[in-house]
Amino acid sequence: MSESFLLLAAVPAWTTWLACPTFWGLLAAVVGLYLLVPPHTRRRQVVGGAVAWIGLLLIIADMVALQWPVAAPAPHVVFWVLAAIAIAGGVGLISAQSPIYSAMWFALSLLGVAALFLQQDAQFLGIATIIVYAGAIVVTFLFVLMLAQPEGHSTADRISWGTFPKFCAVVLAGTLVGTVSQVIHPPVVVAAEAPVDDGVAPLESVTSKPAAPPGSLRDQLAEKFPELAPRLVNVELAQPTDGAPQFTLVLRDGDELGVDPQEVLATLEPIAAGATLTTKQSAHNVQAVNHMANLGGYLFSRYLIAVELAGTLLLAALVGAVSMIIQGRLNKEGEAHE
Amino acid sequence: MSELSLLNNTLLVGAILFALGLIGFITRRNMIVMFLCAEMMLQGVSVSLVAWGRYHNDWGGQMLVVFIIAVAACEAAIALALVLLLAAKSGGLDAMHWQSLREDGVAPFVDRAVPEEVQDDPIWPVLTRSGIEPAHDPEEDLHRSRV
């Protein structure tokens, strides 16, 4: 295929798609979301919600199946439950008829996202999301809703722009998620067996499950020593031309190795024979125990100018919002006088 | 959960959140719901950024999310002031009121059919109108002491 068709060449064949559960899950989710967005009727909501959730569960099941077997299932379960909460909030946001309910669903989604941040050891962002978004922004949205639309809902909330924009929106969204999922787990086409010349074109034998990717050294060690996994940041391998190769286990700030170095070396033996092992503490470590101190240190040293700019932006937004409201009030008074 | 599968799962969830916000922004007509959907897209991006930062063991991802939160706060302040003014001018939050801003030669958008209100879901939250004095019940004033 010529180079101008590179993008097209990256798209797998139809048969590969048909064997991929994620494709069917996406299709179901797109159909369900199409039914869920306005105009609302009770039946469309029930059917659309059911179909969208079936599709979503299919996608999740495919992701889990592709990563199977897992050493510790508990983090996976927690992750997908939190993700389902966040996604349920998002679905509720776009399908709720009343904007008040939309804001409430959005707050639920924020709680899910904050919990995902916490699961990834981003404690500050998790708390900041709850305080700033759920605590301040959503409440401000509710205030404005009360001021602008006190009756709670209007005709415009029950209709959309028509069929074509809705269709475009769900197809665009489905394509986006499909592209990301394809990049994450590229469908692997297993080479067809030697064709048998019986006059029938051989079907490609396909599978959506790729061969297990060779995990990083860190992941290999984490599988072998589960108690080491949370403390181990990285494994570096230095292979000097003169002398034995050396593994360096980068540990979380303030943590000890805690396992027998000989066992670790025995695990790493197939990669580099006769290696030695050292440990060191990580300097730039997003999973450090003293998370807040590190984050604050970075924020106010390397990103100091950006912090100042953000402060200026906040001030400008404040002044802008106030001046807009004042100007609107002056205009209204001017009209009243005329 | 290994770092790679955590990254993969989180990227997928981020993409789904972004896609949901995208659908809502295009299909909903209430200006406030449209802004909520824009915030939803920001959430999807934030989730992905934190995952990348963790995978590469770099603070840049979390720093960007800190600034996303700051910019989202600014955006909410400006947007809500604007929405309030627009709603006061047009008498509603429907974005269709502002279709006179469209280009010359583009046909106006006309609603074909407004569906009946869903009758079997009569419980709507009733909001007290803020900023004005509530109606007084004269009977209540009689049997209440000075408040």
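The values are calculated or read from the model by the stated rules, or taken from the named source; none is laboratory data. Computed from a predicted structure; not experimentally measured. No Cβ is skipped: glycine too gets one built from the backbone with ideal geometry, and neighbour counts run over all protein chains shown.
Numbers at a glance
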item: Among residues of the stretch B:9-22, those that are within 20 Å of A:Ser160 (Cα to Cα) and either modelled with pLDDT under 95 or not hydrophobic (A, V, I, L, M, F, W, C) (or both), counted; result: 1
item: Residues satisfying the stated conditions in the stretch A:141-181, i.e. assigned to a helix (DSSP H, G or I) and in contact (Cβ under 8 Å) with a residue 60 or more places away in the chain; result: A:Asp157, A:Arg158, A:Lys166, A:Phe167, A:Ala169, A:Val170, A:Val171, A:Ala173, A:Gly174, A:Val177, A:Gly178, A:Ser181
item: Subset tally (residues that are closer than 24 Å to B:Phe109 by Cβ and hydroxyl-bearing (Ser, Thr, Tyr)) for the stretch B:24-49; result: 1
item: The listed residue being in contact with a Gly (Cβ under 7 Å, 6 or more places away or on another chain), of a type outside the set (A, V, I, L, M, F, W, C), at the interface with another protein chain (Cβ under 7 Å from one of its Cβ atoms) and part of a helix (DSSP H, G or I), out of B:Gly53, B:Gly24, B:Gly61; result: B:Gly53
item: The stretch A:111-128, residues that are more than 7 Å from chain B (Cβ to nearest Cβ) and crowded, with 21+ Cβ neighbours inside 10 Å; result: A:Gly112, A:Ala114
item: Test result for A:Val138, assigned to a helix (DSSP H, G or I) and at the interface with chain B (Cβ under 7 Å from one of its Cβ atoms); result: no
item: Of all residues making up the stretch A:99-135, the number that are under 26 Å from A:Asn294 (Cα atoms), free of Cβ contacts under 8 Å to residues at least 40 places away in the same chain and not β-branched (Val, Ile, Thr); result: 15
item: Lone qualifier among B:Leu42, B:Leu80 - being over 30 Å from A:Val31 (Cβ atoms), part of a helix (DSSP H, G or I) and in contact with a helix residue (DSSP H, G or I) (Cβ under 6 Å, 6 or more places away or on another chain); result: B:Leu80
item: Meets criteria (among the aromatic types (Phe, Trp, Tyr), at pLDDT below 90 and under 25 Å from A:Ile87 (Cα atoms)) for A:Trp53; result: no
item: Matching residues in the stretch A:274-294 - criterion: being under 19 Å from A:Leu251 (Cβ atoms) and either under 27 Å from the mean Cα position of the chain (by Cα) or at pLDDT 85 or above (or both); result: A:Ser282, A:Ala283, A:His284, A:Asn285, A:Val286, A:Gln287, A:Ala288, A:Val289, A:Asn290, A:His291, A:Ala293, A:Asn294
item: Selection from the stretch A:286-338 of residues that are within 30 Å of B:Leu84 (Cβ to Cβ) and in a loop (DSSP other than H, G, I, E, B); result: A:Glu338
